[in-house]
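Only one structure is covered here, and it is reproduced in the block below.
The values are calculated or read from the model by the stated rules, or taken from the named source; none is laboratory data. Here the structure is a predicted model, which is why all the values come from computation and not from measurement. Virtual Cβ from ideal backbone geometry, glycine too; neighbours counted across all protein chains shown. These area figures cover heavy atoms from the full protein model, side chains too; ligands, DNA and RNA do not enter into them. Shrake-Rupley method; radii C 1.70, N 1.55, O 1.52, S 1.80 Å.
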Amino acid sequence: MSLTDQLFATRILIFFSFICFLLIIYFILFNIQTNTITISFPSETLFKQLSSQYSICTSQFINQTFLSSLSDVNMSNYYILDYRIIAASHFQILASLCRIIKQIISDSLDEFYSKQIITHQVISYETFHAQIDHFQ
């Protein structure tokens, strides 16, 4: 092979390597898989277990000690694109969202508990939920 052929082959190799690299990056960044499991009629015990097991709002990442430790760091020592510079604000937003969610749930429960369904006979499950849906 001549030197010109070798240079051409090297350029083709570099080009296809770059294309493969871009494809790998694309699939890593944009290929998000979500597994969804639907439980039609969870028991109260299962509901409590699931809500406590996966709740970010009860994690250590939103307590004040953790948030304070993030903001106590001298940020001028870090590179401008270092995540630690903006991590404190991200976790503060998460904590605020959790507070808002807890308030919404509390307000909704207060409203639900303040309503009464009074009937002189037993009603079916479907009728009960239809009446609840009517108040929402």
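Taking segment 101-130 as the search range and keeping residues that are β-branched (V, I, T) and not in a helix (DSSP H, G or I), which one is surrounded by the fewest Cβ atoms within 10 Å (Cβ to Cβ)? My answer is I118. If you filter segment 83-93 down to residues that are more than 15 Å from S68 (Cβ to Cβ) and of a type in the set (A, V, I, L, M), you find that the one that is most open to solvent (accessible area, probe 1.4 Å) is I93. Checking the structure you have, find out if any residue of segment 68-76 is within 19 Å of the chain's Cα centre (by Cα), open to solvent by less than 70 Å² (accessible area, probe 1.4 Å) and touching a residue at least 12 places away in the same chain (Cβ under 8 Å). Taking every residue of segment 68-76 in turn, none turns out to be within 19 Å of the chain's Cα centre (by Cα), open to solvent by less than 70 Å² (accessible area, probe 1.4 Å) and touching a residue at least 12 places away in the same chain (Cβ under 8 Å). Restricting attention to segment 2-49, and to residues there that are closer than 30 Å to E126 by Cβ, among the polar types (S, T, N, Q) and not in a helix (DSSP H, G or I), which single residue is least open to solvent (accessible area, probe 1.4 Å)? The residue in question is S43.
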